[in-house]
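Quick one: the structure is below, and I'll ask about it shortly.
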Amino acid sequence: MPAGGFVVGDGQKAYPGKLTPFVLFTCVVAAMGGLIFGYDIGISGGVTSMPSFLRRFFPSVYRKQQEDATTNQYCQYDSPTLTLFTSSLYLAALISSLVASTVTRKFGRRLSMLFGGILFCAGALINGFAKHVWMLIVGRILLGFGIGFANQAVPLYLSEMAPYKYRGALNIGFQLSITIGILVAEVLNYFFAKIKGGWGWRLSLGGAVVPALIITIGSLVLPDTPNSMIERGHHEKAKTKLRRIRGVDDVSQEFDDLVAASKESQAIEHPWTNLLRRKYRPHLTMAIMIPFFQQLTGINVIMFYAPVLFNTIGFTTDASLMSAVVTGSVNVAATLVSIYGVDRWGRRFLFLEGGTQMLICQAVVAACIGAKFGVDGTPGELPKWYAIVVVTFICIYVAGFAWSWGPLGWLVPSEIFPLEIRSAAQSITVSVNMIFTFIIAQIFLTMLCHLKFGLFLVFAFFVVVMSIFVYIFLPETKGIPIEEMGQVWRSHWYWSRFVEDGEYGNGLEMGKSNNQGIKHV
Ligand code: BGC
């Protein structure tokens, strides 16, 4: 028997503990940290298609839009300032997620969540009262700082708090909140756009204070994770908390393993340089590739620009926002499917199924847009059935993303890093996610203008590459305790050469024989 845990039939550890109301409550509250990110994603696209907002802050885009509808439809929204408005947030989030690494590690996961809430709140207020473009951009930078902190801390918090058997489902609460945030923002945009006097955008932007207050208050009432308490030397407190969280008295096995993991963690002074060590190669690869691929699915083209896109394919502004609401609802519903399935069917199955589904839809959408818009972007009169076919396939695509790369893009990184590099590696995940969100937001409208329908084929190509990557390189992590994750690398045909037995991360892994590893699928 390995140090401090007991082993079930197939050699995996199984700690006692149930899904207690307490853990459920803490995870639901913490997961709401995803609301701020989601709300922002949903709001930006809708606001930038409100004529009154464009007229006030981006008059050149507004004028172009008013021009004759026979001009090239692929290019009507192509404006660097408008895209800078949308994407400035992602650069700010990138920077703050790096700072959050230290806060999360040294002062606990909660404090990062608190900072996230406060900064986001400040950004929302400045945006709601904006009078000039610079105010909009400053506001968005603050929102970005908030998101960087929250996205760094919340997924880690959830993965550490959850009993390992339910880790997938509880962690996906974060993605569920993102999708709910997006949907709520889209519905609000739909109604606020109708406000006479054209100041509805102020409510849309200022409304972000509500999710910000939820995470701020949430972080004040939540306990920190036992992993983090132990990491910071509060052993007794951590043990009491662990008993409460797991709902059983005897938590000594899990507790001892957490302490062992923390000892290893204490020995590391510089988590950043440590990340470059050979034995962390699989973790570093996943910390970079998973968020990179998540963004290369092209999902944010739909999320940010759905109203713009639907407008381009022939809907009026109102109907465009409404279609965005439809895709937003599909996004929420399909995320529930992954909550149900992730700990049953596993991560790999969802990744591969979702990838196939997205690929088919991207090909169909490219063909539809290509057939009607051709290369000069002048479709003439678009029949209703055409718009319905495009929206249907976009919805099936969104569903594919929402039960695969959406939630797993946050879940898998948060559960595979050993404690000693967890916070730093998670910051890398957030940064890579943000930088590619930024790049796509920044260049999508220009790419649409130049690549036309071929843009969707570019994303389709990446979906093929990422599915092959998952098939070959990503081990299954379902049902494995978080501080025991070393075994999945040791038993992997490729990664085992980097992660030698006894050389892997935390103390409790040391000296464990190979036959206690799981079999890689
Ligand atoms: C991604 C976002 C995306 C959202 C859509 C998240 O997992 O990180 O970039 O907009 O899912 O639901």
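Would you tally the residues in the range 234-244 being more than 19 Å from T20 (Cβ to Cβ) and buried (at least 19 other Cβ atoms within 10 Å of the Cβ)?
Here the count works out to 0.
Quick check on this structure: which one of L98, L114, L89, L94 is surrounded by fewer than 19 Cβ atoms within 10 Å (Cβ to Cβ) and in contact (Cβ under 8 Å) with a residue 40 or more places away in the chain?
Exactly one of L98, L114, L89, L94 is surrounded by fewer than 19 Cβ atoms within 10 Å (Cβ to Cβ) and in contact (Cβ under 8 Å) with a residue 40 or more places away in the chain, namely L98.
Continuing with the same structure: Which members of the range 1-37 meet the condition of being crowded, with 20+ Cβ neighbours inside 10 Å and at pLDDT 80 or above?
Those that are crowded, with 20+ Cβ neighbours inside 10 Å and at pLDDT 80 or above: Y15, V23, T26, C27, A30, A31, M32, G33, G34, L35, I36, F37.
Considering only residues of the range 433-469 that are within 16 Å of the ligand (Cβ to nearest atom) and of a type in the set (V, I, T), which is surrounded by the fewest Cβ atoms within 10 Å (Cβ to Cβ)?
Among those residues, the one meeting the criterion is I439.
Quick check: anything in the range 289-306 more than 16 Å from the ligand (Cβ to nearest atom), part of a helix (DSSP H, G or I) and either closer than 28 Å to L451 by Cα or of a type in the set (F, W, Y) (or both)? It would help to see each step written out before you state the result.
If we filter the range 289-306 for residues that are more than 16 Å from the ligand (Cβ to nearest atom), which is where we start, we get none.
Within the range 289-306 (the criterion being more than 16 Å from the ligand (Cβ to nearest atom), part of a helix (DSSP H, G or I) and either closer than 28 Å to L451 by Cα or of a type in the set (F, W, Y) (or both)), the answer is no, since none of the residues qualifies.
For G247, which of the numbered conditions (1) more than 27 Å from the chain's Cα centre (by Cα); (2) buried (at least 19 other Cβ atoms within 10 Å of the Cβ); (3) not aromatic (F, W, Y) fails to hold?
(2)
Looking for something in contact with a helix residue (DSSP H, G or I) (Cβ under 8 Å, 6 or more places away or on another chain), not in a helix (DSSP H, G or I) and not aromatic (F, W, Y) - is there at least one such residue anywhere in the range 169-188?
no
Residues checked against (1) part of a helix (DSSP H, G or I); (2) more than 13 Å from the ligand (Cβ to nearest atom); (3) of a type in the set (S, T, N, Q); (4) over 21 Å from P475 (Cα atoms):
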| residue | (1), (2), (3), (4) |
| --- | --- |
| A387 | yes, yes, no, yes |
| V390 | yes, yes, no, yes |
| F393 | yes, yes, no, yes |
| L408 | yes, no, no, no |
| V412 | yes, no, no, no |
| E415 | yes, yes, no, no |
| S427 | yes, yes, yes, yes |
| S431 | yes, no, yes, yes |
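Given the criteria within 17 Å of S49 (Cα to Cα), among the small types (G, A, S), touching a residue at least 12 places away in the same chain (Cβ under 8 Å) and within 14 Å of the ligand (Cβ to nearest atom), does A324 qualify?
yes
The values are calculated or read from the model by the stated rules, or taken from the named source; none is laboratory data. Since we're looking at a predicted model, the values are computed, not measured. Don't worry about glycine lacking a Cβ; one is built from the backbone with ideal geometry, like all the others, and counts go over all protein chains shown.
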